[in-house]
Amino acid sequence: MDARPRSWRSRLRRLLPTAGRPARAVVAGFAMAVGVGTALLSLPVAAASRESTDFVHALFTATSAVSITGLAVVDTGSHWSTFGQVVILVLIQAGGLGIMTLASILGLLVSRRLGLGMELTAQRETRSLQLGDVRRVVIGVIRLSLLFEVVIAVVLGARLLIAYDYSPGDAVYSGIFHSVASFNNAGFSLHSDSMTRFVADPWISLTVSLAVIAGGLGFPVLFEVGRRLRGPHRWSMHAKITLGATALLLLIGFVFITASEWRNEHTMGGFGVPTKLLAGFFAAVMPRSGGLNSVDVGEMTSASLLVQDVLMFIGGGSGSTAGGIKVTTFALLAFVIVAEIRGEPTVHVMGRRLASSVQRQALTVALLSVGLVMLTTITLLSITPFSLDEVLFESISAVATVGLSTGITADLPPIAQVLMSALMFIGRLGPVTLAAALALRDRPRRYELPEERPIVG
């Protein structure tokens, strides 16, 4: 009984030196990565011009890469040398693996706090996490990530070599870069127009889209689905909610964005029907945190921008490379609303009762994210000349670590770019560490005060 817990805790301490205070270790680790990335990108060798890059631009780019966002103040393909682009690629890979590993380990830590009886139940519900073996979780994340990235890189590289007359070296390099960027939901591209040149190419568009979706589902879901592909009825509640909510949001985004842009001559209006549908699907996928675009986002209608605002804010799956408040948080809040409308005293989801603590955690994460977006939007409106549509879109893209932009990022003043860097950092680490801290913080009351019900609404 004693040997296994000690073994598990010792492994956890080696991975998280301050396991009792994981948030501090996480923030320190990612801040160190941003610092190293900023220093490397500031070197003359990192720029194509062989001149030192401005500190603010280097800081912004490093933060965007580590937080796997994709917002850029300089063109990735032309401003940075091969060395600089490789640094960005390494930062993206480190950020993506770090987030997926971190979320999985914190999930283990939270589950261990449930107690023996609840832990056994949780283990039956989420066997994909292998609660007794942190090392296996870490190795599983790395293997799964590399497997997806290799397959994606092969498809993209082969397509570029065959259909676009890329040299073998350029095709391999571009395939690897965009594979890592897309699977890790980082919106960086070697092309100044992102993916607009491939808007009518289903091989490129669909491959990148599927990579973003896979990365946005998260390691726990991918691993569980892979093990139980023929038994969806045995999937955990988390997997079912993530997959169901993802499919629903993709459908809603596809229908609304395609309809809004169907006749817009600046985006999809000049395309044939197949290309319009392909561009609409790509545009619906990217707000979940992909950050790439195959049509000009700055020319989209206000309706399309608003739909993307909502999709960006929700984001992808928990334990994934996607940002936002996460689809599980959004879905749980929807279940709470339905139960309240029905007048039910407790919330039941898929044959299980939802703990009140989970409901409070979801509400806390969502409302704090709303507050951060509103504060950022008001601040940017006061220090920049841009419209509400543009500023709101940019704010949500940074807080939700998406990477999509209406084109104003490079034109923001230095103080606004520093603010956006802080937002990307907070937006990436905030929801993960906050959710873990809330779940691990258990302070039972010794007494309860008399109940009173204020008027609501």
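The values are calculated or read from the model by the stated rules, or taken from the named source; none is laboratory data. What you see is a predicted model; the values in this text were computed from it and never measured. Virtual Cβ from ideal backbone geometry, glycine too; neighbours counted across all protein chains shown. Protein only, heavy atoms only, side chains kept; ligands, DNA and RNA dropped before computing areas. Shrake-Rupley method; radii C 1.70, N 1.55, O 1.52, S 1.80 Å.
Of the residues in region 320-329, at least one is of a type in the set (V, I, T), more than 19 Å from L71 (Cα to Cα) and within 12 Å of the chain's Cα centre (by Cα).
Kindly indicate whether V391 is open to solvent by less than 10 Å² (accessible area, probe 1.4 Å) and free of Cβ contacts under 8 Å to residues at least 24 places away in the same chain.
yes
Among the conditions (1) out of contact with any Gly (no Cβ under 7 Å at 6 or more places or on another chain); (2) without any contact (Cβ under 8 Å) to a residue 40 or more places away in the chain, T258 misses just one, which is (1). The lone criterion from (1) modelled with pLDDT of 60 or more; (2) in a helix (DSSP H, G or I); (3) under 23 Å from the mean Cα position of the chain (by Cα); (4) of a type outside the set (F, W, Y) left unmet by S128 is number (1). On the basis of being open to solvent by 50 Å² or more (accessible area, probe 1.4 Å), over 23 Å from V295 (Cβ atoms) and either outside any helix (DSSP H, G or I) or modelled with pLDDT of 85 or more (or both), does R445 make the cut? Yes: the conditions hold for R445. Summed over region 336-368, the residues that are part of a helix (DSSP H, G or I), among the aliphatic types (A, V, I, L, M), open to solvent by less than 60 Å² (accessible area, probe 1.4 Å) and touching a residue at least 24 places away in the same chain (Cβ under 8 Å) give a count of 5.
Would you check if G70 is small (G, A, S), crowded, with 24+ Cβ neighbours inside 10 Å, modelled with pLDDT under 95 and not in a helix (DSSP H, G or I)?
So G70 fits the description; yes.
When A58 is tested against (1) open to solvent by less than 20 Å² (accessible area, probe 1.4 Å); (2) more than 23 Å from G324 (Cα to Cα); (3) at pLDDT below 70, just one condition goes unmet, and that condition is (3). Report whether or not V358 is in contact with a Lys or Arg (Cβ under 8 Å, 6 or more places away or on another chain), modelled with pLDDT under 90 and more than 19 Å from G70 (Cβ to Cβ). Criteria not met by V358. Which one of A283, A245, A279, A211 is without any contact (Cβ under 8 Å) to a residue 60 or more places away in the chain and either more than 21 Å from the chain's Cα centre (by Cα) or open to solvent by less than 50 Å² (accessible area, probe 1.4 Å) (or both)? Selected residue: A283, the only one of A283, A245, A279, A211 that is without any contact (Cβ under 8 Å) to a residue 60 or more places away in the chain and either more than 21 Å from the chain's Cα centre (by Cα) or open to solvent by less than 50 Å² (accessible area, probe 1.4 Å) (or both). Taking the criterion of being open to solvent by 20 Å² or more (accessible area, probe 1.4 Å) and closer than 30 Å to L429 by Cβ, the residues of region 302-325 that qualify are L306, V307, V310, F313, S318.
In region 183-200, the qualifying residues are those that are part of a helix (DSSP H, G or I) and in contact with a Ser or Thr (Cβ under 8 Å, 6 or more places away or on another chain), and the one that is most open to solvent (accessible area, probe 1.4 Å) is T196.
So, V221, is that one surrounded by fewer than 24 Cβ atoms within 10 Å (Cβ to Cβ) and touching a Leu at 6+ places or on another chain (Cβ under 9 Å) or not? Judged against the criteria, V221 is not a match. Checked against the criterion of being open to solvent by less than 20 Å² (accessible area, probe 1.4 Å), modelled with pLDDT of 60 or more, in contact with a Gly (Cβ under 9 Å, 6 or more places away or on another chain) and not aliphatic (A, V, I, L, M), the candidates T38, T63 yield just one match: T63.
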